[in-house]
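The values are calculated or read from the model by the stated rules, or taken from the named source; none is laboratory data. This one's a predicted model, so the numbers in the text were calculated from it and none came from an experiment. FYI the Cβ positions are ideal-geometry reconstructions off the backbone, even for glycines, and counts take in every protein chain you see. Only protein heavy atoms, including side chains, enter the accessible area calculation; ligands, DNA and RNA are left aside. Shrake-Rupley method; radii C 1.70, N 1.55, O 1.52, S 1.80 Å.
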Amino acid sequence: MIQNPIHLTFKTSGGFGYLPKYSGSYSESAFTTSGPIERIERNQIEKSEYVRSLDSDANDPIVLSTSTARYWSDYCNVYYHPRSLQQLGNWEYHPEKAPDGIARGSQNLDTDVTPSTDGSAASSSIRNFRGYDIGVAEYQDPANENGREALDRDFRAILEECDNLGGLNLLTDIDSAWGGFSSELLRDIRDDYISTKLPVISWGLETNSRISHADMYSRIRSLGSLITSSTLYVPVRIPGPGSNKYEPFFGSAEAAARFNPTSLWHSSALLSTVLETVTLPTRTWIRNESLDSMVNRLGAGSAGYRSVVGDVDIAVGEGERLRIGYDTNYQDQDITQRTGSGSRRAWKQSTKDSSLTQDPHVFNRWSVARRGGASNEELKKKMSRFIPPEKLNPYDPTRGYVQECTLPVIYPVPDSFPDIVVGGNTNALIYSSLATTVSVRREFIQIKDFVSKYVRGDEREELKNGFADLINEYEDGWSSGSDSE
């Protein structure tokens, strides 16, 4: 059981599931308000069978499944301080009917309404929590006490409890209104609450499928803001259902079929394994690294500081590595092309360049391996499959930098973890890495092309120039012959 993790979580109403604002560890009377009270009623979200079995101290807790782990709280085994949980009361969440969130009162989520095929609410008149501008407006709304006001009220108090703050990790959805909300949030944190030298790593969850014209524009605006305010931006694109990338990772077609990337329970377990492993050297005395040294080694380069990661990967046991960053689709796409018509314009990937059959050029890589029960020989064999021995060298501007960290620390698999991710083996060897690669250049050339063709107004030149500067940082004397601006 973890108590009082140092963090701040924002969710739309209902996103916390059954989780109460005040657990038995805190008194509700200590957090009352003298202001006006608006009464909002929704059916109580019940505790999952798994949580009820924990409450009853059952020797064998109920086994979770994708059908029972629908809300975050269904598999949460943590006590949070009330200030850590921030709920946006203007928006409501439901795992099936409103996974993106909808405007409060626009639909009765307690009734049986069939959602549309894209996961949004069935009625076109319902306002969804999507779009950069909606997120910005929600954060800046003076009537929203859990937007900008939450920083001064709760985030400041959390910072004051930190004896030696080494940096911040920000995790956010990019393709919904959370992209705009998080952009404004991080800008205020940078301006008013932390030193400009303190490292901030932003992990952006991006949809790994075709998206509409409007959603692409929203994503670009979120990216531009978050990259500017972050020391390091890490894109996360988990392959969709049926991807041929899962079988080599899990080791068999049967195991790959059990993994459901549309389940937040499964996908968040995969992401937490990556994040917890790749940042481990910054949290243990064995290596005594810092977040600052980690981001500097990834970003160093003769063309300037590179602040965007291209490759995010993980490997467990004997499986091959799974890529969940921009490199995920590097061999599957070239410059994106708009297809369709009307408001449902989308982007379609196509392969045009034979050079894409090769791995993208790597500038710098930060890799971490949890040895688990593996011997030194097994560990060396595993690492050599992913990183050629000759690349393990101190930083050299002409060759890049590869940092290898091996730690005898097993992954702390919680009881609520889906066994498919680490195969139920808490002693398994786990490898994870981040790398700055040329795939970032390819990604941003596509973005710059989109902005040139489809964006109008004052923001057009600002976005174009910003991404043009990023593109230049990923040349460093090397670029694919097919990459042109």
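Points to keep in mind about this one:
- Cβ-Cβ distances below 8 Å connect the following pairs, each with a first residue in segment 43-55 that is acidic (D, E), a second residue that is surrounded by 14 or more Cβ atoms within 10 Å (Cβ to Cβ), and a separation of six or more residues or different chains: E46/Y18; E49/I62; E49/T68; D55/K47.
- Scanning segment 397-426 for residues that are open to solvent by 50 Å² or more (accessible area, probe 1.4 Å) and at pLDDT below 75 gives P397, T398, R399, G423, G424, N425, T426.
- Cβ-Cβ under 7 Å pairs, at least 6 apart or on other chains, segment 426-441 side among the basic types (K, R), far side in a helix (DSSP H, G or I): R441/I471
- R283 at negative phi, basic (K, R) and at pLDDT below 90: yes
- Against the list (1) surrounded by fewer than 17 Cβ atoms within 10 Å (Cβ to Cβ); (2) in a strand (DSSP E or B), the condition N90 fails is (1).
- Taking the criterion of being at pLDDT 55 or above and open to solvent by less than 50 Å² (accessible area, probe 1.4 Å), the residues of segment 383-395 that qualify are M383, F386, I387.
- Residue in segment 252-270 that is out of contact with any Pro (no Cβ under 9 Å at 6 or more places or on another chain) and under 19 Å from G372 (Cα atoms) present: no
- Within segment 444-472, if we keep just the residues that are of a type outside the set (A, V, I, L, M, F, W, C) and in contact with a helix residue (DSSP H, G or I) (Cβ under 7 Å, 6 or more places away or on another chain), the residue that is nearest to V308 (Cα to Cα) turns out to be G466.
- Screening T33, T66 for residues that are at pLDDT 80 or above and assigned to a loop (DSSP other than H, G, I, E, B) leaves exactly one candidate, T66.
- Single residue of segment 188-209 satisfying the filter (open to solvent by 30 Å² or more (accessible area, probe 1.4 Å) and within 18 Å of the chain's Cα centre (by Cα)) that is modelled with the highest pLDDT: L205
- A257 being without any contact (Cβ under 8 Å) to a residue 12 or more places away in the chain and not in a loop (DSSP other than H, G, I, E, B): yes
- Residue that is in contact with a Leu (Cβ under 9 Å, 6 or more places away or on another chain), open to solvent by less than 20 Å² (accessible area, probe 1.4 Å), closer than 15 Å to G135 by Cα and acidic (D, E), where the choices are D175, D154: D175
- Every residue from segment 269-288 that is farther than 26 Å from I238 by Cα and open to solvent by less than 30 Å² (accessible area, probe 1.4 Å): T284
- Scanning segment 349-382 for residues that are modelled with pLDDT of 70 or more, assigned to a helix (DSSP H, G or I) and not basic (K, R) returns N376, E377, E378, L379.
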